[in-house]
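Below: one structure, written as structure tokens.
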Amino acid sequence: MLLDVKDLRVQFPSSRGLVKAVNGLTLSANKGEILGIVGESGSGKSMSLLSMLRLVPKPGEIVSGEINFNGDNLLKKSDREMRMLRGKDISMVFQDPMTTLNPVFPVGEQIREALRIHGLIKGERKWFFSDRKDRERERVLELMAEVGIPSPDLRYLEYPHQFSGGMQQRALIAIALAGEPQLLLADEPTTALDVTIQAQILELLNRINEEHGTTIILVTHDLGVAAEFTHRMVVMYAGLVLEQGPTRTLVEEPAHPYTQGLLNSIPRIEDRRKKIEAIPGTVPDLINMPPGCPFHQRCKYAKRECIGTELEMIEVDKGHQVRCILYT
Ligand SMILES: Nc1ncnc2c1ncn2[C@@H]1O[C@H](COP(=O)(O)OP(=O)(O)OP(=O)(O)O)[C@@H](O)[C@H]1O
Ligand SMILES: [Mg+2]
């Protein structure tokens, strides 16, 4: 197991009280797999990923839990150790490439900077600075080619605004890959792109996973994307996992009413007569959450017992767990 998160809690103070953005998250990622985290807007997906790099924005704070990476609890590491780890062992690709790339530096130089920070290329003759620089440039061109940026040598000195959205996202992936990370966190890496480019970027992530064995956590609100590009899936709601299991199982035999609802709300081209069933209601207020199932107000199977008792995950099949009273 590469990553093992236990009972993680992240809170934001606000004038109305504590916002429980992540509320007891437990999940794990195996070496070499693509794990999908799906859930509606506000369910705590981004805060969960940021926690794994200890980058939760202030005044937010990780208040309890464990994040074990290769057996070491990251919450116990020093700030210096975390800086060494970021971009090297664990790296992250964000949703909006334009806000992550620096507009005033050439794209190639930004990828080179990622190599330099971690001292990944060492010059053989230390007194020749140009030697190291040449090797770095070579590696950058290699990375650019790997992520599918055409004519890397011509584009090395171009600025982010000269890149299309899809090419910018590829450049960010190249930066994320520079340190040859064991774990790549991708937070909605394709939502800002149109569907054809989206498919290409997801294919690229897939190839990286297959060729380098990089473990990937793919966060998406799109269950269709998760169904196609992940091996295992975690369904989050109100900062908590409601169901997890092999992707195939979750798509074919979803156990939790929430997962069933998500699947029924995917429009299908081949089946236009079937009405899309939206899940009624909205995500609950994360400040005053009553104990019990956070989904009960929107659930068509809700019973009185759903409120008041905290439910553990229940194993319904090997590796397939669900947090729902229907399975007790
Ligand atoms: N700076 C903040 N102050 C207060 N609450 C915050 C802050 N940032 C996030 N939150 C709360 O934390 C919760 C989880 O946010 P998060 O960004 O992780 O959701 P998400 O699942 O990534 O949603 P999306 O799909 O919209 O990206 C949200 O309900 C949000 O209101
Ligand atoms: Mg998010």
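Observations
- In plain terms, the chain from Asp317 to Glu81 could stretch by 81.1 nm, reckoned as 0.36 nm per residue minus the Cα-Cα distance.
- Full-stretch length increase - Lys58, His231 - with 0.36 nm per residue and alpha-carbon distance subtracted: 59.0 nm
- FRET efficiency, 1/(1 + (r/R0)^6) with R0 25 Å, evaluated for Val195 and Ser41 via beta carbons: 0.80
- The DSSP beta bridges internal to the chain are antiparallel in roughly 60% of cases.
- Table column - 3J(HN,Hα) (Hz), the range 226-240, Karplus curve with 6.51, -1.76, 1.60, x for Gly and Pro: 4, 4, 7, 10, 10, 8, 10, 9, 10, 9, 9, 8, 6, x, 9
- Think of each Lys and Arg Cβ as +1 and each Asp and Glu Cβ as -1; about the Cα centre, that makes the dipole of the chain roughly 640 debye.
- Additional length obtainable on full extension of the chain from Ile287 to Ser265, 0.36 nm per residue less Cα span: 5.2 nm
- Which of Lys20, Lys58, Lys303 has the fewest Cβ neighbours within 10 Å, and the rest in rising order: Lys58, Lys303, Lys20
- Between the range 298-328 and the range 31-99, the alpha-carbon centres lie 27 Å apart.
- Which listed pairs, of Lys31/Lys318; Lys45/Lys303; Lys58/Lys133; Lys20/Lys58; Lys76/Lys318; Lys77/Lys318, have C-alpha distances above 25 Å, in listed order: Lys45/Lys303; Lys58/Lys133; Lys76/Lys318; Lys77/Lys318
- Among Ile37, Pro160, Met84 - extreme Cα towards positive end, dipole of the chain, charges at beta-carbon: Met84
- Packing-based exposure ordering (other Cβ within 10 Å, fewest first) of Ser130, Ser43: Ser130, Ser43
- When Val107, Val10 are arranged by Cβ crowding within 10 Å, least crowded first, meaning fewest neighbours, the order is Val10, Val107.
No lab work stands behind these numbers, since they all come straight from the coordinates. This is a predicted model, so every value here is computed, not measured. Cβ coordinates were reconstructed from backbone atoms using ideal geometry, including for glycine residues, and neighbour counts include every protein chain displayed.
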